[in-house]
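> My questions all concern the structure below.
The values are calculated or read from the model by the stated rules, or taken from the named source; none is laboratory data. Computed from a predicted model, the values in this text were never measured in an experiment. Note that each Cβ is placed from the backbone with ideal geometry, even for glycine, and that neighbours are counted across all protein chains shown.
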């Protein structure tokens, strides 16, 4: 009986895949390609380092705090009154192309705003965050072009109280 259930389960998984394959092979039908990044790196702010297709990506932290679980969950705390800031850069030239950054926050003590700026003065995005102690929130830069090989971003929290950054993701799209 157990083997019969396993065979039926496998058949149920294979049948939809065969139907999907048949659809893609219909003459004159073209399926749109899903937008997938060419390369992606995710790391915790505590680690402060990752590698994007072999190129190092660094996160330099200024005036941040570490909670008692930072070594376990990788989260760091930005505090507005301490003017916490993080700089995301690559010490080597990146290939020219389109990139994006996503920041994930695991805790927000009061409503806050997170900004991602480029070359110190160009605001890419300003993300409002709501008070949350157990739901993650993210701030996405949207895509931006690198034409000089330099990744030079500043991550700040100009308003609010305290936010915990738990993950940084950098993606190359084209």
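> Just to be sure I understand, how many residues within segment 60-76 are more than 19 Å from residue 112 (Cβ to Cβ) and either assigned to a strand (DSSP E or B) or touching a helix residue (DSSP H, G or I) at 6+ places or on another chain (Cβ under 9 Å) (or both)?
Residues meeting the conditions: 1.
> Now a separate question. It is to be established whether one or more residues within segment 77-94 are in contact with a strand residue (DSSP E or B) (Cβ under 7 Å, 6 or more places away or on another chain), surrounded by 17 or more Cβ atoms within 10 Å (Cβ to Cβ), at positive phi and not in a strand (DSSP E or B).
No.
> Let me ask you something else. Pairs needed: first member in segment 35-57, on the phi > 0 side of the Ramachandran plot; second member anywhere, part of a strand (DSSP E or B); C-beta distance under 6 Å; at least 6 residues apart or different chains.
48/59; 53/39
> Given the options 134, 119, name the one that is exposed (fewer than 15 other Cβ atoms within 10 Å of the Cβ) and under 16 Å from residue 88 (Cβ atoms).
119
> Next question, about the same structure. So residue 114 fits all but one of (1) within 14 Å of residue 155 (Cβ to Cβ); (2) at pLDDT below 95; (3) in contact with a strand residue (DSSP E or B) (Cβ under 7 Å, 6 or more places away or on another chain); what number is the exception?
The number of the failed condition is (2).
Residue-by-condition table, conditions (1) in a strand (DSSP E or B); (2) in contact with a helix residue (DSSP H, G or I) (Cβ under 6 Å, 6 or more places away or on another chain); (3) in contact (Cβ under 8 Å) with a residue 40 or more places away in the chain; (4) under 30 Å from residue 38 (Cβ atoms):
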site: 120; (1), (2), (3), (4): no, no, no, yes
site: 126; (1), (2), (3), (4): yes, no, no, yes
site: 150; (1), (2), (3), (4): no, no, yes, yes
site: 174; (1), (2), (3), (4): no, no, yes, yes
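> Can you name the condition, by its number, that residue 124 falls short on among (1) more than 19 Å from the chain's Cα centre (by Cα); (2) closer than 19 Å to residue 174 by Cβ?
With respect to (1) more than 19 Å from the chain's Cα centre (by Cα); (2) closer than 19 Å to residue 174 by Cβ, residue 124 is out only on (1).
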